[in-house]
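Notes to accompany the following structure.
The values are calculated or read from the model by the stated rules, or taken from the named source; none is laboratory data. These numbers were taken from a predicted model, which means no experiment stands behind them. Cβ: placed from backbone, ideal geometry, glycine included. Neighbour counts: every protein chain shown.
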Amino acid sequence: MEPMSADQLTAEVVERLEGTTNPRLRVVMQSLVRHLHAFAVEVALTDEEWMQGIQFLTATGQKCDDVRQEFILLSDTLGLSSLVDLINHAGDEPGATEPTILGPFYVPNSPERSFGASMVEFDDGGEQTIVRGIVTDVDGQPIADAVLDVWQNSANGFYAVQQPDVQPATNLRGIYRTQADGSYEFRTVRPQPYSIPDDGPVGQLLKATGRHPFRAAHLHVKVSAPGFIGTTTHVFDAESDYLDSDTVFGVKGSLIRSFTPDLDGQLVCAMDFALRSDG
Ligand code: BEZ
Ligand code: FE
């Protein structure tokens, strides 16, 4: 038998996947193999480096549990989560609010809170603020009874789910609904820039590659309404650090808003959301 070249080996593995009955799985797996092999060839991957890679992936899996999702952090910090978001929404109807990454701290079944109610359940000394706006369709028509599922971090930089012994589980989380005119409003504290969890393999990789682990200050919102395509997005604080270097590449210019004092000195962030019809 002649010794095999790298190209021949790649072709053989791709050929071996021809029998995949699910056509989409076949396309995805064959392309993955081609790209993985090309990557290994391009960097002339050594045995030691590949073993280090396997150890890194093993440690990433071992770091995962019910509330810690190291693989999501890996995807986010490599820009893959944002790339998938970009690929899937590049052709969206103009006028709709841009989505951005979900992140690992979303917890379903937040408490329903009334118009204007506060979602602060833990006094962390944060700067009190009102967030308000309207939810419309892409033509600007208000949507009544739209749902805003909101979550954010506390002034200490952590989400409630990260600090079960410190914060009440539903602190800074809430489900709000729009009124007949499409308006919503809630009270909260100003979100803070924060470090993503960096005490695991992803944090080590960030350090080894000279990167910081910080996200620009933001609150998360999932907006949905019957008859419309829901969106998962953020509102970023225009005065935050890291808007230009968010460690998970989640910032979009259209999602940046000011937190500005009104005539009574009350801090207000105004953010409208527009949803695409699903019809
Ligand atoms: C977040 O915004 O909650 C988040 C996103 C990606 C990684 C870590 C946190
Ligand atoms: Fe976040």
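In region 253-279, which residues are surrounded by fewer than 17 Cβ atoms within 10 Å (Cβ to Cβ) and under 13 Å from THR100 (Cα atoms)? If the condition is that a residue be surrounded by fewer than 17 Cβ atoms within 10 Å (Cβ to Cβ) and under 13 Å from THR100 (Cα atoms), then GLY253, SER254 are the ones that fit. The residue of region 213-236 that is surrounded by the most Cβ atoms within 10 Å (Cβ to Cβ), among those that are away from ligand 2 (no atom under 12 Å from the Cβ) and in a strand (DSSP E or B), is VAL223.
If I ask for residues that are more than 21 Å from the chain's Cα centre (by Cα) and either at pLDDT below 95 or under 17 Å from SER154 (Cα atoms) (or both), which ones from region 126-137 would you list? Scanning region 126-137 gives GLY126, GLU127, GLN128, THR129, ILE130.
When you scan region 76-118, how many residues do you find that are part of a helix (DSSP H, G or I) and surrounded by fewer than 19 Cβ atoms within 10 Å (Cβ to Cβ)?
7
Every test in (1) modelled with pLDDT of 95 or more; (2) within 23 Å of VAL268 (Cα to Cα); (3) not small (Gly, Ala, Ser) is passed by ASP123 save one, and that test is (1). Could you name every one of the strands (runs of 3 or more DSSP E) located completely within region 129-192 that has at least 2 residues being within 24 Å of LEU263 (Cα to Cα)? Output list reads 183-189.
Scanning region 85-115 for residues that are within 11 Å of the chain's Cα centre (by Cα) and among the aliphatic types (A, V, I, L, M) gives ILE101, LEU102. From the list ASP65, ASP76, the one residue that fits, being out of contact with any Leu (no Cβ under 9 Å at 6 or more places or on another chain), over 29 Å from THR260 (Cβ atoms) and at pLDDT 95 or above, is ASP76. Every condition in (1) at positive phi; (2) polar (S, T, N, Q); (3) more than 23 Å from the chain's Cα centre (by Cα) holds for THR58 except the one numbered (1). Of the numbered criteria (1) within 12 Å of ligand 1 (Cβ to nearest atom); (2) without any contact (Cβ under 8 Å) to a residue 60 or more places away in the chain; (3) within 25 Å of GLY95 (Cα to Cα), the one TRP151 fails is (2). Filter region 201-212 down to residues that are over 19 Å from the mean Cα position of the chain (by Cα) and assigned to a loop (DSSP other than H, G, I, E, B) and give me whichever is surrounded by the most Cβ atoms within 10 Å (Cβ to Cβ). Per the stated criteria, the residue is THR209.
Scanning region 176-183 turns up no residue that is at pLDDT below 95, assigned by TED's automatic domain parsing to the domain that holds THR247 and either away from ligand 2 (no atom under 15 Å from the Cβ) or on the phi > 0 side of the Ramachandran plot (or both). Name every residue in region 15-32 that is among the β-branched types (Val, Ile, Thr) and in a helix (DSSP H, G or I), in order of residue number. Scanning region 15-32 gives VAL27, VAL28.
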